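As structure tokens, the structure follows; a few thoughts come after it.
The values are calculated or read from the model by the stated rules, or taken from the named source; none is laboratory data. What you are looking at is a predicted structure, and each value in this text was computed from that prediction instead of being measured. Here the Cβ is made from the backbone with ideal geometry for all residues, glycine too, and neighbour counts use every protein chain on show. Each accessible area value is taken on the protein alone, full model and side chains, heavy atoms only, with ligands, DNA and RNA left out. Shrake-Rupley method; radii C 1.70, N 1.55, O 1.52, S 1.80 Å.
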Amino acid sequence: MLDCAIIGGGPAGLTAGLYTTRGGLKNVSLFEMGVIGGQITKSSEIENYPGFFDANKTGLDFMDAWEKQCFHFGLKHERKKVLSVEKTGEHFTISVEGGETYEALTVITCTGSTPKRAGFEGEDDFFGRGVSTCATCDGFFYKNKPVTVLGGGDTALEEAFFLSNICSDVYVVHRRDEFRAAPPTLDRAIRKSNIHLITDSVIDEAYGGVMGLDGVKIKNTKTDTITDMQNSGLFVFVGHNVNNSILKDPQGNFICDMSDRGQVIVNLSMHTSVKGLFCAGDLRIEAPKQVVSAAGDGSIAGLQVISYLQELA
Ligand code: FAD
Ligand code: NAP
């Protein structure tokens, strides 16, 4: 029986692992199906984590030290995809891909979120063949070539800036004329001569052939004019969906209270409506969607798990 099962190894899950194990729990496992570090490992930069300010370090570099530190106090790693969490009497059953199950006295769900698809024609056909959601992973393929970026949030503008140092030109297509990105991020993009902002516009179609993407058709939503942009890289940054499926029972109902946007409702202790089930990071209601706040949530959840187990004993 695990003292605590932590699901998801991003900033929230890693910090929860650090606090539970360093706080004395002996039997804690972190279930992470992918790269340790979570979404930020896909970022080309991080400049708003207090105490860390190095423009030459990527998100992956940044999380490297977290992995070393958070596993230092006895946290175990199960490289497995969790399929479901179920409360069985006083404890939890965690089912993973392949049919295995684990029992745990407490669970902290930190499964975060994944990039959304925008839904234009050709997006799925050319995904991985010209259409990408990761500039650090795929930007280099377009060295000295023009690329298109879709979206008007922090991710789109930050990643456009990153791409502008590799690619000849970066065309940022945004559906409104106001940007959601933070003002300094937008200003920096505006000042870069090879970033071109195309507002009030959407991608109508991505087209190409067996070799991959050849171009995109951009539609101005005010005039309906279509512009043909012939370039082979399109980066889509249109937000994220929360990964909440592990909290569904076999009938498809959530096992704890959720918001109407599918986020987990927690109190200030990161405790859900189910005793012993905690949630931290981007998956919880009103998450600021920042590394620093996900880590803060993870520390709260870790400390609360220790208190909860002390009360049970
Ligand atoms: P995540 O980081 O999403 O981690 C969740 C983890 O759970 C993932 O590793 C995933 O593989 C795992 N997982 C999911 N489902 C399962 C399952 N069923 N079984 C096992 N494992 C599972 N924030 C900032 O503060 N500053 C920035 O500069 C910044 N830049 C960003 C740039 C980009 C490109 C992106 C995408 C995000 C950025 N963010 C930034 C936001 C920040 O990365 C997130 O807020 C933060 O990572 C959330 O942490 P988390 O631990 O809640 O979830
Ligand atoms: P986001 O803030 O939700 O922005 C998504 C953008 O995509 C919006 O501009 C939106 O347009 C547009 N969009 C959505 N659906 C679309 C569609 N189908 N077609 C075309 N455009 C579409 O997402 P994000 O930029 O990934 O950021 C997610 C969270 O992480 C945010 O809270 C953000 O602050 C945080 N984050 C922070 C940092 C940082 O702190 N440095 C960096 C990256 C991310 P509208 O504006 O019209 O809605």
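Cα centroid separation, the stretch 1-15 to the stretch 79-126: 13 Å. Near ASP224: Cβ cut-off under 13 Å, other residues only, Lys/Arg at +1 and Asp/Glu at -1. The net charge is +1.
Each peptide in 142-151, 169-178 gets a packing score, the mean of other Cβ atoms within 10 Å over its residues, and the list from highest to lowest is 142-151, 169-178. Taking Cβ separations below 4.7 Å as the criterion for a possible disulfide partner, the isolated cysteines in the chain are CYS4, CYS70, CYS110, CYS167, CYS256, CYS279. Protein heavy-atom accessible surface, 1.4 Å probe, per residue over the chain: 49 Å².
With R₀ fixed at 25 Å, the C-beta to C-beta distance from HIS72 to LEU268 puts the FRET efficiency at about 0.35. With all protein chains in place and a 1.4 Å probe, the accessible surface of the chain carries 50 percent carbon and sulfur.
Mind checking which lysines have their Cα closer than 18 Å to the Cα of LYS76? Skip sequence neighbours fewer than 8 apart in that chain. Excluding near neighbours in sequence, the set is LYS26, LYS68. Partner lysines whose Cα lies under 23 Å from the Cα of LYS143, excluding those fewer than 8 positions away in the same chain, are identified as LYS42, LYS57, LYS192, LYS217. The gain in end-to-end length when the ALA55 to LYS222 segment is fully stretched comes to 56.3 nm, 0.36 nm per residue minus the alpha carbon separation.
Radius of gyration over Kirkwood radius for the chain, both on Cα atoms: the Rg/Rh ratio is 1.02. Report the Stokes-Einstein translational diffusion coefficient (µm² s⁻¹, integer) for the stretch 41-142, Rh taken as the Kirkwood radius over Cα pairs, at 25 °C with viscosity 0.890 mPa s. The Stokes-Einstein estimate is 139 µm²/s.
Across the stretch 131-236, Cα pairs under 8 Å and at least six residues apart give a relative contact order of 30 percent. Counting Lys and Arg as +1 and Asp and Glu as -1 over every other residue whose Cβ lies under 14 Å from the Cβ of ILE255, the net charge comes to 0.
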